[in-house]
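Here is the structure we will look at.
The values are calculated or read from the model by the stated rules, or taken from the named source; none is laboratory data. These numbers were taken from a predicted model, which means no experiment stands behind them. Note that we place each Cβ from the backbone using ideal geometry, even for glycine, and neighbour counts take in every protein chain shown.
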């Protein structure tokens, strides 16, 4: 392996959470292969999504703002593989790049920060989020809520909350846990707020023709996480979902099958179309078909959010 010549180069965004996930990945690789510390070098790549914080992702290019610079570094062989939060990876990926592995999934749930419950929020609460899914789910639970754009890393959002910009915000439990902030916020039950597709999963991408790196990464891939997240991503493919689209989905292992749940929600929270099914882990068509069925049952207004 190329380790005899130089360390493997792991590409990542530079946010505290991204770096924590990069270190997790490097540690997993060294442990799995018996490598010494330093066998994996972390290469920080600034992304457009990190630079532009004053507008919603949907307005400025969507999830590609988190991946395009890392994709370029990968294709130009400045890095050997890239580590991502899987919920930030767009559904359609370049053919030259392969999702090679996923670490074991962490807590998939959201946390409410700033109040002990949605009922405990004051009348006409202001809730900060940049997620169309969270915005729609909050509005479904609290029709009197006003949603305001909240971008930035975890520390930035918590600082805005502390400054009184909003009454509450929502953050992924997995991200808080990985940052050592597991005591922040109140965990929201899945039955109240179904998570975003791929939430809690860390994915690793490499060039599709780099067999040596793909083999190295395969050793740390968690099969159950990989199957569940790919089912959720195939559901997205069937929906044609974008950053504009309020989509929630979660697949869980159920014996030798997957239990896939999903819902699409109108921005005002007044319309929810949901479905669940048990599918074979490798059945991409079944997950995509669920997405199409959700659209078929949606009102024209809700369906329009998923049209190109």
Counting only residues that are touching a helix residue (DSSP H, G or I) at 6+ places or on another chain (Cβ under 9 Å), modelled with pLDDT of 90 or more and not in a helix (DSSP H, G or I), how many does the range 54-90 have?
-> 9
By residue number, the members of the range 130-147 that are modelled with pLDDT of 95 or more and not in a helix (DSSP H, G or I) are 142, 143, 144, 145, 146, 147
Answer with yes or no whether residue 227 is under 30 Å from residue 29 (Cβ atoms) and either out of contact with any strand residue (DSSP E or B) (no Cβ under 9 Å at 6 or more places or on another chain) or in the same structural domain as residue 90 (by TED's automatic domain parsing) (or both).
-> no
Those residues of the range 207-232 which are under 25 Å from residue 79 (Cα atoms) and crowded, with 24+ Cβ neighbours inside 10 Å amount to 216, 217, 229
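Residue by residue, here is whether (1) over 17 Å from residue 201 (Cβ atoms); (2) under 16 Å from the mean Cα position of the chain (by Cα) holds:
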position: 215; (1), (2): yes, no
position: 220; (1), (2): no, no
position: 233; (1), (2): no, yes
position: 250; (1), (2): no, yes
position: 260; (1), (2): no, no
position: 267; (1), (2): yes, no
position: 280; (1), (2): yes, no
position: 289; (1), (2): yes, no
position: 301; (1), (2): yes, no
From the options 156, 139, 146, 187, residue that is surrounded by fewer than 19 Cβ atoms within 10 Å (Cβ to Cβ) and over 19 Å from the mean Cα position of the chain (by Cα) = 146
Of everything in the range 116-129 that's assigned to a loop (DSSP other than H, G, I, E, B) and in contact with a helix residue (DSSP H, G or I) (Cβ under 6 Å, 6 or more places away or on another chain), which residue is modelled with the lowest pLDDT?
-> 129
